[in-house]
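Participant: Take this structure, written in structure tokens, and hold onto it; I'll ask about it next.
The values are calculated or read from the model by the stated rules, or taken from the named source; none is laboratory data. Small disclaimer: the values here were computed from a predicted structure and weren't measured. Because the Cβ atoms are built from the backbone with ideal geometry, glycine has one as well, and the counts that use them run over all protein chains shown.
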């Protein structure tokens, strides 16, 4: 049991540290309340294996929720097999997949900082357009 636990915890910790290290080189931080939609687009060459596909090494966008919570609509369009991993404060993480190259993820985000990572179900270059708007 210990070796099974170690084999899960160590790769997970390394992945979390790798993602955390990537935040510094990410897009500028957007803050709520959002007066207009935030949009990031480009391409990534995913190389970070995860339970949410193979992800980019750094966040493509960071969102800082400054009020108690924010109702947001998150959409991503791009390459087939697209994945979106959201990592936030207090251990929040969420994975979305869009086999057809489209992801729509409405939700509530509590106060804190959220990093958005784009990836693919396989290790292939991925184009994307990420849009975040507040309701």
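Participant: What is the number of the single condition among (1) at pLDDT below 95; (2) touching a strand residue (DSSP E or B) at 6+ places or on another chain (Cβ under 8 Å); (3) surrounded by fewer than 17 Cβ atoms within 10 Å (Cβ to Cβ) that residue 26 does not meet?
Facilitator: (3)
Participant: Closer than 21 Å to residue 109 by Cα, at pLDDT 95 or above and either surrounded by 11 or more Cβ atoms within 10 Å (Cβ to Cβ) or within 14 Å of the chain's Cα centre (by Cα) (or both): is that true of residue 31 in this structure? Spell out the reasoning first.
Facilitator: Values: closer than 21 Å to residue 109 by Cα: yes; at pLDDT 95 or above: no; either surrounded by 11 or more Cβ atoms within 10 Å (Cβ to Cβ) or within 14 Å of the chain's Cα centre (by Cα) (or both): yes.
Taking the combined requirement at face value, the residue does not satisfy it.
Participant: Kindly establish whether residue 72 is buried (at least 19 other Cβ atoms within 10 Å of the Cβ) and within 11 Å of the chain's Cα centre (by Cα).
Facilitator: No: the conditions fail for residue 72.
Participant: Evaluate segment 106-122: report whether one residue or more is farther than 17 Å from residue 48 by Cβ, free of Cβ contacts under 8 Å to residues at least 40 places away in the same chain and either touching a helix residue (DSSP H, G or I) at 6+ places or on another chain (Cβ under 9 Å) or not in a strand (DSSP E or B) (or both).
Facilitator: no
Participant: Also, I was wondering about something else. Output the residues belonging to segment 89-108 that are crowded, with 17+ Cβ neighbours inside 10 Å and modelled with pLDDT under 95.
Facilitator: 98
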